[in-house]
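Bear in mind these aren't lab numbers, they're just calculated from the coordinates by the rules spelled out. Just so you know, these numbers come straight off a predicted model, no measurement behind them. Positions of Cβ are generated from backbone atoms using ideal geometry, with glycine treated the same way; all protein chains shown enter the neighbour counts.
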Amino acid sequence: MTNMGDALHRAGLINEKDLKRQAHRDRVRRKSAGPENAPRPRPDHDHLVHPRKRGQGIEDAAIEKAADLVRTHAIAEGLSGRRRWHYVSTDGRILYLNVTESVANLLETGDRAIAWDGSKSHVVDRDIARQIADIDPATVLFWNDS
């Protein structure tokens, strides 16, 4: 099926210049609508989805216990820095936390980790990250445990 501009051009009601001008306006309108309106294929991030969604049998009590550990042992210091620390969320999106240089160094060395409490991510200590990973590994979003 052709568009209205092509039909009007074939009927002789508009010329080639008007047809190009209308095509340009359509492209500008589609581009200015923003990326949220453009259909994009989603990459396959099934390996990053929380095990509860994959059906691997982790009980809700264990997930809640891990989330409770994250909430109670979250470290709030150093989260207002100028450095962006990127990590992959449970649904496959790449997110970041603004951290100070000292917290970034601790994340690099593995002394701190980023964990998910079910609603947002937090920075936790190495020992807490180990406890959380033993209960529910998918709750720990980033940890340089090498």
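When peptides 12-22, 100-110 are ranked by their average number of other Cβ atoms within 10 Å per residue, the highest-first order is 100-110, 12-22. Rounded, prolate or oblate: which fits region 46-143, taking a ≥ b ≥ c as square roots of the Cα gyration tensor eigenvalues, rounded meaning a/c under 1.5, else prolate when a/b beats b/c? It comes out prolate by the Cα gyration axes. Straight-line reach from Lys65: taking Cα to Cα under 18 Å and skipping same-chain neighbours fewer than 8 places apart, the aspartates and glutamates in range are Asp117, Asp125, Asp127, Asp134, Asp136.
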